[in-house]
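Notes for the one structure printed next.
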Amino acid sequence: MNRSLRFPIALLGLLILVFVAADAQISQVVLRVSVPVVSQNQPLPVSVEFTPSGRVERVLFKYRSFGEMEFSEQEMLLAGNSATLTLSAQFVLPPYIEYYIHVELADGTTETYPLRNADTSPLKATIRPVDPKSLEVRVLSPEQGETVSAEDLVIAVSLFYASDAVNRRGTKLYLNGVDVTSQAIFSDDVLLYSPANFPRPLNLGVQFLRIQLYDTNGNLYHTVESNFNLSTATALAAEETRFRVGIDGTVEARNEDVGASKNTFLRGQLRANGSFRSLAFGSSIFLTNEEKDYRQPQNRLLGYGDLGFFKIQVGDAFPKYPSYVMSGKRIRGVTANLFLKFFNLDMSFGETTRAIDGTVLRDTTYADASNAEARPENTVLKSGLTYSLFTPGIYSRSIIAVRPSFGSSENFQLGFTYMKSKDDKGSIRYGVSPQENMVVGSDILVAFDNQRFRLDGQASLSLTNKNISKGSFTDADYDLIAGKHDPTLTPAERKDRQQQADDIKKLADVGGKFITINEYLFPLNPVGTGLPGLAYEGALTLNYFNNFIRAQYYKRGAAYLSFGNEFLQADIKGLALSDRIRMFQNRALLGISYEQREDNTGQTKPATTNYDNLTTSLTVFPGLNLPSFTIGYGLLTRKSDASPTDSLEKLFVADDKTNRISLQMNYDFQAGARHSLSLGMSLSDKKDNTFNKRDQKYNSFSGSLTTVYSIPLQTTVSFSTDLTESSQLSNLPTTPAVTELKITAISLNAQYSLMDGKLRLVSLLSTAMGDFNRTLAQAAVDYTFTRNFGLVAQYDFIQNSGFKDDSIASLILRYNF
């Protein structure tokens, strides 16, 4: 047998073995999640495709970097049966990002993907580390992909950051494969080359640049490649004044026969992007007949203009502010960013939720006023002693955020943030407890040595009012609080109380301009014991000697809350240390992380719980034509000081350990066709040492094989697995009750192109077996009539176990110019 085929065939055999032996999971809502393998500090695109009958309302992408215990979240852009998001490059760090999908459905229920234990056994996206040697060379001009005129072309390469092991004068410069080093000159640490000074002509179009560094012994140290486009000054001047615009859109009609209901859905999406001189502009519009006044907005509207130093977005935007203030929050309104480097200003205002009125359930007439006083909170006066009981609705919530900052963030930036969010009391009739929130904060960045040394910090203070329906205290209320009218007071004491009341009123007059002040405001003293309203963190990053070291300390008070990031955990403090070690010329990455944290920061609970998390991983990139893999081990412990015999403290008892083992492998190879193989395994074993005995085991396996044939055919075979065992103490203390969930899922997707790619046939067959049974069959025809016009017809049939089968037919029209 050909040796080159032995390894791929052995891997295929392993896939088949795992495939036959494993039980799997499948989601009733999520059809597939696509997260590619990217290099560090590159944007990470994420897409989620849903089953046609999913009825998805909102999608959150929850993620965390290596070694972190907490998940951050961003809302995904939902359009039809798919949701997309691009994670910013700053969060994309090796060896991997852990993530899961949180889905909110139209009926009020939620689901995660993975289906079970998503937060304890999340999915992993492998991140390739960047060779640090690449950072030692900077192509100052032209930039990667830049278009320059032949008359003005000057190639400038900076070796300022090159290692002492590099012989700078021994650097070689190649242009389109030709060594032009002898024609270049050195100016300090910059290598300069001007082709116009030499007779060798250059053709217009793409030019390829290669820089080779050599060490002091004359050995090749590192190679950096770049490319740029060459044009003429006349053509560039004409292009600069040219008005350019591109538009593409889709229209979809879909008929669903799902369960006991039949529905028709109409959706349209239009995207436009253009430029004129230094102005870039565009818009994105998604419209659907699912837009209803009893749901949060389903339509998505956005228009933007960008001058480089100034950008404005109108519509549904996701502005970026310090994470303790706002993260992943969609705002329908206006977001603007001014970037002058020495001074910058970010500003957003608009609406985060729209008003949805409550529903009246029934009317109740009370016998007298005393009985009426004891009525439920969710009632409203109808007439006399008759009140209407209702299901509370949702108030419209406005938000405004402003952040001036100083510095470009390359070496320094100091920012100050103010955020105010408030429910509109008059937006609905049937509602309970409108709220208000204010956050002020500051953040700082100090970095040098090309950000190899980086210090980040942020601190925020929050105030929240849980019920502003009655407004702020009146002067009479402050007199009552000060005890001004106490009949037992002497004249001197009454005068003193009057002074106290006046002082409180003065403070309230100032504070009332920012937030409603009444008995529902908390915390009353945000910087009191335990700093309940304060949240702060500091992080130090060092990137030296093939080590990427990070140390972070954080604390968030028990009452800290921001409506811009409502899922941020409060009442917690901790210390996290991590190191990622590059080895064997960046072909291996060893990661180790330890985090210790505890709650009860203000001693407001009967007991304190301590968490310890140890995470290790080894990622190996052997080279071309060989598989890359990541193996990881983690140990999570949780223990509280609560007494199991105390009637109150026993509710806070915790003493458990969770061992986690994971393996992820990716392999691209050639064996008769081009194949891309991915295998994953995650094992988790939790031991509960308390009287509850809530042990849990979770084993997950997944894999996919995508094949691109020499004929216009592409196939993907995939599987995912889920085996969960949960135990809990039964009526007999020595006999824990064990429950199991087993599901097996298999999926086959095929695409075949005809008529020079104009006609594309797509099919999908996905089946689930075990404790949940379902089969999805999908067939689609995609035909491109012209370069700008195409049509897709799709039919889905879902065979359900125990209830009616479902069917969905859809027609999608595409247009672009």
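Tabulated data
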| quantity | calculated |
| --- | --- |
| The listed residue being surrounded by 21 or more Cβ atoms within 10 Å (Cβ to Cβ), acidic (Asp, Glu), farther than 16 Å from Val29 by Cβ and at pLDDT 80 or above, out of Glu75, Glu98 | Glu98 |
| The range 283-315, residues that are in contact (Cβ under 8 Å) with a residue 24 or more places away in the chain and of a type in the set (D, E, K, R) | Glu290, Asp293, Arg295, Arg300, Asp306, Lys311 |
| Residues of the range 105-152 that turn out to be in contact (Cβ under 8 Å) with a residue 24 or more places away in the chain and within 25 Å of Ala237 (Cβ to Cβ), as a count | 13 |
| First in the range 352-375 and without any contact (Cβ under 8 Å) to a residue 24 or more places away in the chain and among the basic types (Lys, Arg), second anywhere and open to solvent by less than 70 Å² (accessible area, probe 1.4 Å) and part of a strand (DSSP E or B), Cβ under 7 Å, 6 or more apart | Arg375/Tyr387 |
| Pair list, Cβ under 6 Å, 6 or more apart: the range 411-426 residue within 18 Å of Ser348 (Cα to Cα), other residue open to solvent by less than 10 Å² (accessible area, probe 1.4 Å) and in a strand (DSSP E or B) | Gly415/Ser405; Met419/Ala401; Met419/Val439; Ser421/Ile399; Ser421/Asn437; Lys422/Glu436 |
| Ser141, sole failed condition from (1) of a type in the set (Gly, Ala, Ser); (2) at pLDDT below 85; (3) open to solvent by 20 Å² or more (accessible area, probe 1.4 Å) | (2) |
| Any chance Thr645 is at pLDDT below 90, surrounded by fewer than 16 Cβ atoms within 10 Å (Cβ to Cβ) and out of contact with any His (no Cβ under 8 Å at 6 or more places or on another chain) | yes |
| Single residue of the range 556-579 satisfying the filter (part of a strand (DSSP E or B) and more than 22 Å from the chain's Cα centre (by Cα)) that is surrounded by the fewest Cβ atoms within 10 Å (Cβ to Cβ) | Leu575 |
| Selected residue (criterion: most open to solvent (accessible area, probe 1.4 Å)) from residues of the range 609-642 that are part of a loop (DSSP other than H, G, I, E, B) and among the aliphatic types (A, V, I, L, M) | Leu624 |
| Per-region count, the range 479-511, residues assigned to a loop (DSSP other than H, G, I, E, B) and either among the aliphatic types (A, V, I, L, M) or surrounded by fewer than 14 Cβ atoms within 10 Å (Cβ to Cβ) (or both) | 6 |
| Tally of residues being outside any loop (DSSP other than H, G, I, E, B), aromatic (Phe, Trp, Tyr) and exposed (fewer than 13 other Cβ atoms within 10 Å of the Cβ) across the range 770-817 | 1 |
| Lys382, sole failed condition from (1) closer than 29 Å to Met326 by Cβ; (2) in contact with a strand residue (DSSP E or B) (Cβ under 9 Å, 6 or more places away or on another chain) | (1) |
| The range 658-685, residues that are surrounded by fewer than 18 Cβ atoms within 10 Å (Cβ to Cβ), within 12 Å of Thr120 (Cα to Cα) and not β-branched (Val, Ile, Thr) | Asn659, Leu683, Asp685 |
| Breaking point among (1) among the charged types (D, E, K, R); (2) out of contact with any Leu (no Cβ under 7 Å at 6 or more places or on another chain); (3) within 28 Å of Tyr698 (Cβ to Cβ), for Arg580 | (2) |
| Among the residues listed as Gly328, Gly308, the single one being within 27 Å of the chain's Cα centre (by Cα), modelled with pLDDT under 90 and in a loop (DSSP other than H, G, I, E, B) | Gly328 |
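The values are calculated or read from the model by the stated rules, or taken from the named source; none is laboratory data. Small disclaimer: the values here were computed from a predicted structure and weren't measured. Heads up, the Cβs are rebuilt from the backbone with ideal geometry, glycines too, and the neighbour counts pull from every protein chain shown. SASA here: full protein model, heavy atoms, side chains in, ligands and nucleic acids out. Shrake-Rupley method; radii C 1.70, N 1.55, O 1.52, S 1.80 Å.
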